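For reference, the structure is listed below as structure tokens.
The values are calculated or read from the model by the stated rules, or taken from the named source; none is laboratory data. All figures in this text were calculated on a predicted structure; none of them were measured in a lab. Here Cβ is always computed from backbone atoms with ideal geometry, including for glycine, and neighbour counts include all displayed protein chains. Only protein heavy atoms, including side chains, enter the accessible area calculation; ligands, DNA and RNA are left aside. Shrake-Rupley method; radii C 1.70, N 1.55, O 1.52, S 1.80 Å.
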Amino acid sequence: MSTVVRNLRIVRRMTAAEIAQQSVYRAAWIIFMLANICVPIISLLIWRTALASGAHLPVDERYVTTYFVLLGFVTMATSSWMAGFLAQDIRLGKLSSWMIRPASLLVGFVANNLSEKFLKLIALVPMIGIVWWIFRDSMTIPAGPGHWVLFAVSILLGAVLVFTIDILIASLAFWMDDVSALVQARVIISGVLSGAVVPLALMPSWSRGFVDHQPFRYTVSFPVEIVAGQLTGRELLTGFGFQLGYVVVLGILARAVWAAGIRAYSAVGA
């Protein structure tokens, strides 16, 4: 337990330092968040136009509107960008300096992830608020706090899941010269299968069995569905079971691959 407490203290201090360092790029964060929210808004306008033109979709206008208004926030909150940087640190030998420090290199990436998301939220939340105000009459807003609590928990688990997948991919750099293609493939595949490009509710019916149970759904689509999709109690329980299961299984796998890589990395320098 002392190791966990120590790492949490290190994360807290490193996150504060990262926030102070990254705060000088305030204008950049605003531009990044404008870009982050523009794509969902454009998609929202396209799908609303399709519905107004008589398109027959398996979801109504309130679902589509709520989905895309929340999408920019959820994709940012669950995102991870460290796979390429971690793989580069492994390949260039920068990992060596961390092996004599009291904390893992991964702790530094956790702090970076948290600090950047904190600063991005400051820029993004007002933008989301403006969009919500514009479309407030066409959105599904849960009355009680229960769904919002589940929404927050699901976002947390989704963020852990994405971060774990990035660790797993980056760890392959212990044995591969270049994992950039894998990193890019993850970005493309997750963009489609997470629901960040098109809501998974609009996927063909023959693909539902796969789409509903693959891990990327639980990084973006499932958190949004908790608010927008009016999921039943059984569907919520099943969804959280899959989400937590993927976090545990992929977490164990990522830890095993990382540990094996560290042993191989140490052996080379021995």
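Among the residues of segment 23-36, not one is in contact with a Ser or Thr (Cβ under 9 Å, 6 or more places away or on another chain) and surrounded by fewer than 12 Cβ atoms within 10 Å (Cβ to Cβ).
Taking segment 191-218 as the range and being farther than 22 Å from HIS56 by Cβ, in a helix (DSSP H, G or I) and open to solvent by 40 Å² or more (accessible area, probe 1.4 Å) as the test, the residues that pass are VAL192, GLY209, PHE210. The number of residues in segment 164-194 being in contact with a Lys or Arg (Cβ under 8 Å, 6 or more places away or on another chain) and at pLDDT 95 or above comes to 5.
For the condition outside any loop (DSSP other than H, G, I, E, B), touching a Phe, Trp or Tyr at 6+ places or on another chain (Cβ under 6 Å) and either open to solvent by less than 50 Å² (accessible area, probe 1.4 Å) or hydroxyl-bearing (Ser, Thr, Tyr) (or both), THR49 does not qualify. Contact annotation: residue pairs with Cβ atoms under 7 Å, 6 or more positions apart or on different chains, pairing a residue in segment 13-25 that is within 13 Å of ALA103 (Cβ to Cβ) with a partner that is at pLDDT below 90 and surrounded by 12 or more Cβ atoms within 10 Å (Cβ to Cβ), are MET14/VAL107; MET14/GLY108.
Please determine whether any residue of segment 59-69 is without any contact (Cβ under 8 Å) to a residue 12 or more places away in the chain and either surrounded by fewer than 19 Cβ atoms within 10 Å (Cβ to Cβ) or not in a helix (DSSP H, G or I) (or both).
Looking through segment 59-69, at least one residue is without any contact (Cβ under 8 Å) to a residue 12 or more places away in the chain and either surrounded by fewer than 19 Cβ atoms within 10 Å (Cβ to Cβ) or not in a helix (DSSP H, G or I) (or both).
Scan ALA16, ALA20 and give me the residue that is assigned to a helix (DSSP H, G or I) and loosely packed, with under 11 Cβ neighbours inside 10 Å.
ALA20
Within segment 118-137, being within 14 Å of THR15 (Cβ to Cβ) and open to solvent by 80 Å² or more (accessible area, probe 1.4 Å) holds for one residue alone: PHE118.
This table checks each residue for (1) farther than 28 Å from SER205 by Cβ; (2) of a type in the set (Phe, Trp, Tyr).
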position: LEU71; (1), (2): no, no
position: TRP81; (1), (2): yes, yes
position: ASP89; (1), (2): yes, no
position: ILE128; (1), (2): yes, no
position: PRO145; (1), (2): yes, no
position: LEU150; (1), (2): no, no
position: VAL153; (1), (2): yes, no
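Residues of segment 139-187 that are hydroxyl-bearing (Ser, Thr, Tyr) and open to solvent by less than 60 Å² (accessible area, probe 1.4 Å): THR140, SER154, THR164, SER171.
For segment 79-95, a residue qualifies if it is touching a helix residue (DSSP H, G or I) at 6+ places or on another chain (Cβ under 7 Å) and polar (S, T, N, Q), and the qualifying residues are SER79, SER80.
The residue list SER115, SER80 contains one member that is assigned to a loop (DSSP other than H, G, I, E, B), modelled with pLDDT of 90 or more and either in contact with a His (Cβ under 9 Å, 6 or more places away or on another chain) or open to solvent by less than 30 Å² (accessible area, probe 1.4 Å) (or both), which is SER80. Under the condition of being under 17 Å from the mean Cα position of the chain (by Cα), surrounded by fewer than 22 Cβ atoms within 10 Å (Cβ to Cβ) and either farther than 26 Å from ALA170 by Cβ or touching a residue at least 60 places away in the same chain (Cβ under 8 Å) (or both), the residues counted in segment 219-242 number 1. Against the conditions (1) under 22 Å from ALA159 (Cβ atoms); (2) of a type in the set (Ser, Thr, Tyr); (3) exposed (fewer than 12 other Cβ atoms within 10 Å of the Cβ), SER97 satisfies every one except (1).
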